[in-house]
1. If the requirement is being touching a helix residue (DSSP H, G or I) at 6+ places or on another chain (Cβ under 6 Å), of a type outside the set (S, T, N, Q) and under 27 Å from Val296 (Cα atoms), which of these qualifies: His197, His193?
2. Hey, Gly252 hits all of (1) open to solvent by 20 Å² or more (accessible area, probe 1.4 Å); (2) at negative phi but one; which does it fall short on?
3. Name the residue that is least open to solvent (accessible area, probe 1.4 Å), counting only residues in segment 205-217 that are of a type in the set (A, V, I, L, M) and farther than 19 Å from Ser164 by Cα.
4. Name the residue, out of Glu133, Glu200, that is acidic (Asp, Glu) and surrounded by fewer than 21 Cβ atoms within 10 Å (Cβ to Cβ).
5. Within segment 347-404, which residues are over 27 Å from the mean Cα position of the chain (by Cα) and of a type in the set (Val, Ile, Thr)?
6. Only one of (1) surrounded by 13 or more Cβ atoms within 10 Å (Cβ to Cβ); (2) within 21 Å of Val415 (Cα to Cα); (3) of a type in the set (Gly, Ala, Ser) fails for Gly350. Which number is that?
7. If a residue counts only when it is among the basic types (Lys, Arg), which helices (runs of 4 or more DSSP H) contained entirely in segment 145-249 have at least 1 such residues?
8. For segment 372-392, which residues satisfy the criterion of being of a type in the set (Gly, Ala, Ser) and under 30 Å from Ser275 (Cα atoms)?
Amino acid sequence: MTTDLSDYAIIKEGEAEILMHAKNQVFYNKTQVNNRDISIAVLRAFIEKRKEEHEARLSKKTKTAPKVSEKDASNSVVEEVSNESDIIDEKTNGDCGVAAEISQEEPCSISEEPNKVTEGKGQVELKPPRVLEALSASGLRALRYAREVEGIGQVVALDNDKVSVEACRRNIKFNGSVACSKVESHLADARVHMLTHPKEFDVVDLDPYGSPSVFLDSAVQSVVDGGLLMCTATDMAVLCGGNGEVCYSKYGSYPLRGKYCHEMALRILLACIESHANRYKRYIVPVLSVQMDFYVRVFVRIYSSASAMKNTPLKLSYVYQCIGCDSFHLQPIGRTVAKNSSVRYLPGFGPVVPQECNDCGKKFNMGGPIWSAPIHDQEWVTSILSDVKSMKERYPAYDRISAVLTTISEELPDVPLFLSLHNLCATLKCTSPSAVIFRSAVINAGYRISGTHVNPLGLKSDAPMDVIWDIMRCWVKNHPVKPQPPDQSGTVILAKEPVLQANFARAVASLSKAQTKKVARFLPNPERHWGPKLRAGRQITSKHISLLGPDAVNGVLNHEEDEEHNAKRQKIEDHPTPN
């Protein structure tokens with residue numbers, strides 16, 4: 001069946017091109033170029049890391065291989081059978097596709113040349129990673145993976161919409177032989193497909209319209225040991241506290257509406273993925289977690305280990321947030337006690353806060369649990385950023401993703417959530433110190449502080465809240481405020497004398513390396529109405545002007561009116577009314 005190209009517009013992104021029908025029957029979102037670019041950067045880093053780990057395993061096996069002589073050939077049989085079972089276990093666990101097939105019908109060859117198995121068949125080549133794009137729509141993401149990521153294997157693109165699958169297959173043919181050989185499209189329910197292909201994919205990409213929660217249980221089962229799960233959530237209103245009860249039903253965590261709500265959204269998603277993985281004796285290791293535009297995107301590696309899974313309560317915490325001054329405190333779910341050579345896992349100590357806030361006397365809201373362990377692997381971030389800079393011409397959204405990665409590389413990795421300097425000043429009704437002055441005061445007090453990629457005004461610090469308020473009290477003494485009602489939180493805070501005398505002298509580390517070099521870290525949107533578009537197939541009406549812009553909406557409506565008018569005219573010409 002031939003395709004009339006006059007009915008389609010060609011959209012090019014990176015090295016891939018797709019045919020978009022004039023009626024836009026299949027969902028395409030220009031904004032997601034940032035998402036696709038950063039996914040390609042992470043995928044490239046994963047393939048390199050995977051090769052390094054494979055080579056390290058092989059070198060380790062080579063070093064530990066026993067030297068066999070004729071007199072202990074019988075012992076070598078036992079050792080080689082053990083090595084054989086290890087390799088088969090690797091295949092069973094799906095360790096990034098590493099597998100070796102050893103015939104059980106050749107015991108003589110094993111005993112005669114034991115080292116040949118380890119050095120020959122044991123050192124099999126690493127198979128290219130298999131990628132599953134669970135919700136492919138037009139297939140643009142799968143096509144970019146196939147055409148732009150070196151060393152990638154088969155890319156399986158799924159969708160449960162017939163029109164989308166037809167469009168995806170059409171786009172695969174349109175992109176030539178490389179796409180045809182690497183990308184395959186199927187009409188299937190992603191959840192069923194992942195459940196029926198356990199530990200089969202090295203990479204699973206989930207990018208749904210809305211919440212990914214219904215896909216997580218099957219996704220964590222379909223990834224091989226050491227594989228990569230890439231997951232997007234666009235339901236930010238739910239994750240950021242707009243509908244707390246809905247968030248709890250979908251993610252098993254209650255959100256708080258603090259200034260840090262977007263980072264909390266990241267940590268809620270990570271805690272949810274960990275919860276699903278734990279049901280199958282698996283756990284996650286985040287390598288990169290990003291909040292940008294209108295969504296959160298996390299990249300986690302998944303491993304199987306019943307013993308390592310016991311550490312999960314140490315990585316989760318509840319959050320107590322004061323309703324008056326927005327001070328927050330974290331309550332870890334679990335703790336460990338070391339006794340001789342063993343480790344006991346016990347419930348966490350609590351409560352970490354009294355009934356009323358020590359700073360302003362107000363009550364606390366409680367949210368969580370959230371992922372309170374690091375959400376980035378700084379080694380990965382540095383590697384990804386270096387790779388992006390080395391081939392910036394291959395990333396259409398280079399400016400944006402390099403800015404985000406630069407900011408992430410300077411974040412404090414072990415500090416959950418962040419403060420808002422403007423929010424602190426709003427509580428006290430005072431003028432705001434510059435970020436450099438405030439950073440200097442924290443550093444001079446002996447604590448660490450950094451920015452955050454989530455909010456240009458956010459500051460991460462390991463300083464406790466009483467130190468933060470002491471610094472602000474000292475600032476207000478030099479910059480007095482008007483008297484406030486006695487029941488205000490700011491009045492209660494300022495009524496106390498500071499224990500710490502803040503030093504506002506300029507500190508050397510008050511500016512990050514990126515700020516010193518004047519590297520852009522937060523960029524404006526490239527155009528108006530930059531954000532989520534409508535779900536595929538939804539009718540466009542005048543109420544969507546805020547999302548799409550008046551020109552786009554009016555253009556679509558006028559196009560539909562013209563089509564309707566032409567259809568009526570054709571009907572009249574075909575069936576003229578009798579005189």
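The values are calculated or read from the model by the stated rules, or taken from the named source; none is laboratory data. A quick note: this is a predicted structure, and the numbers were derived from the prediction, not measured. So basically every Cβ, Gly included, is an ideal-geometry build from the backbone, and we count neighbours across all protein chains shown. To get the accessible areas, we keep the full protein, side chains included, count just its heavy atoms, and leave off ligands, DNA and RNA. Shrake-Rupley method; radii C 1.70, N 1.55, O 1.52, S 1.80 Å.
1. Working: His193 fails: touching a helix residue (DSSP H, G or I) at 6+ places or on another chain (Cβ under 6 Å).
After applying the criteria, what remains is His197.
2. (2)
3. Our first condition is that a residue be of a type in the set (A, V, I, L, M); within segment 205-217, this holds for 206, 214, 216.
This time we only want the ones that are farther than 19 Å from Ser164 by Cα, so: 214, 216.
Working: Val214: 84, Leu216: 0 Å².
Across segment 205-217, the extreme among qualifying residues is Leu216.
4. After ruling out the rest, the residue left standing is Glu200.
5. Val352, Val353, listed by residue number.
6. Every condition holds for Gly350 apart from (1).
7. Numbers: elements: 162-174, 177-182, 190-195, 213-222, 236-239.
The qualifying helices (runs of 4 or more DSSP H) are 162-174, 177-182, 190-195.
8. To start, the set of residues in segment 372-392 that are of a type in the set (Gly, Ala, Ser) comprises 372-373, 383, 386, 390.
If the condition is that a residue be of a type in the set (Gly, Ala, Ser) and under 30 Å from Ser275 (Cα atoms), then Ser372, Ala373, Ser383 are the ones that fit.
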